[in-house]
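For reference, the structure is listed below as structure tokens.
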Amino acid sequence: MTVLYVVATPIGNLEDISERARRILSEVDHIAAEDTRHTGKLLAHLGISKPVSSYHDHNEAQASQKLIDLINAGTSVALVSDAGTPLISDPGYRLIKLARERGLQVIPVPGPSALVTALSVAGLPSDQFTFHGFLPAKTRARCDLFQKLLNATGTQIFYESPHRVVASIHDLASVFGENRLLVVAREMTKTFEQITYGSIFETLRMIESGELKIKGEFVLLLEGQMAFDSRLDEDLILTELLAELPVSKVAEITARLTGKPRKLLYKRALVLKGVNNGDAGATS
């Protein structure tokens, strides 16, 4: 059967392997792994012996075609990454895209993911969130990204390495200020798992004091910009701005802050200013 399985594996605690993932890995003919040595340890723990080939960022194009050829020849293949769900900041996109283009069946075998695991215990809004993967290596690129997210609502999630996490948190402080909430999750599901909750300022103090250890892989979860959803919020903003600015500028600024339509805010500003709506055209 021409099938490609995408199999999630534990991000730390090996007990998190699902029964289905264990079964699929034991039944497939071939396993494509980001790191064959890392996956070899997992397979040994599970008591599974299978042919394993290397599939990583540096050989993805060539390896993808070889795996497609295997599947077309009737070989069932499972794709795994070092930890968690493949393609989530891990290799696999080219293989899945090629398989789809060739009309092959691709079956997900869901399981652990560091970003979802961290979000589930962060205490930050989870109805809307954006995952940005690993942060850029250079300070300028990180700050450029943060500037674009300055007014973004919803929780913002990043991966970071221990070598750059302190610099990245300082960059967060320089762009977002020190009062924005930041949850730092490291070594998720492992022996020395640690999750901290506090402002960016408090997080930096925990790093300085040694309370937050700089070891392992990190997930950074940043509180989004507070959204102004109520009429009271809108009216307060409009009223304050009307004391200093023309109606059209007030509507423009309030629209940016609240995400509400500019025309509706313009009409509301006119009401608050005491201008008859029939005269609105003369002041727009």
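The values are calculated or read from the model by the stated rules, or taken from the named source; none is laboratory data. These figures come from a predicted structure and were not determined experimentally. Here Cβ is always computed from backbone atoms with ideal geometry, including for glycine, and neighbour counts include all displayed protein chains.
Numerical summary
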quantity: Positions within the range 1-55 being among the small types (Gly, Ala, Ser), within 19 Å of Pro91 (Cα to Cα) and touching a strand residue (DSSP E or B) at 6+ places or on another chain (Cβ under 9 Å), in sequence order; calculated: Ala8, Ala21, Ala32, Ala33, Gly40, Ser53, Ser54
quantity: Test result for Ser53, surrounded by fewer than 19 Cβ atoms within 10 Å (Cβ to Cβ), of a type in the set (Gly, Ala, Ser) and closer than 22 Å to Val116 by Cα; calculated: no
quantity: Residues (in contact with a Phe, Trp or Tyr (Cβ under 7 Å, 6 or more places away or on another chain), under 19 Å from His132 (Cα atoms) and in contact (Cβ under 8 Å) with a residue 60 or more places away in the chain) located in the range 78-100; calculated: Leu87, Ser89
quantity: Which numbered condition Gly40 fails, given (1) under 26 Å from Gly216 (Cα atoms); (2) in contact (Cβ under 8 Å) with a residue 40 or more places away in the chain; calculated: (2)
quantity: All positions within the range 186-222 that are outside any strand (DSSP E or B), in contact with a Pro (Cβ under 8 Å, 6 or more places away or on another chain) and farther than 16 Å from Pro112 by Cβ; calculated: Ile214, Lys215
quantity: Residue check for Ile207: modelled with pLDDT of 95 or more and out of contact with any strand residue (DSSP E or B) (no Cβ under 8 Å at 6 or more places or on another chain); calculated: yes
quantity: Residue list for the range 177-200, restricted to those being farther than 11 Å from Leu212 by Cα and in contact with a Lys or Arg (Cβ under 6 Å, 6 or more places away or on another chain); calculated: Ile200
quantity: Entirely in the range 96-166, the strands (runs of 3 or more DSSP E) that have 3 or more residues that are farther than 19 Å from Glu217 by Cα and more than 14 Å from the chain's Cα centre (by Cα); calculated: 105-109
quantity: Selection within the range 243-262 - under 27 Å from Gly224 (Cα atoms), assigned to a helix (DSSP H, G or I) and touching a helix residue (DSSP H, G or I) at 6+ places or on another chain (Cβ under 8 Å); calculated: Lys249, Val250, Ala251, Glu252, Ile253, Thr254, Ala255, Leu257, Thr258, Arg262
quantity: Number of the exception - Asn179 against (1) surrounded by fewer than 16 Cβ atoms within 10 Å (Cβ to Cβ); (2) modelled with pLDDT under 95; (3) under 16 Å from the mean Cα position of the chain (by Cα); calculated: (3)
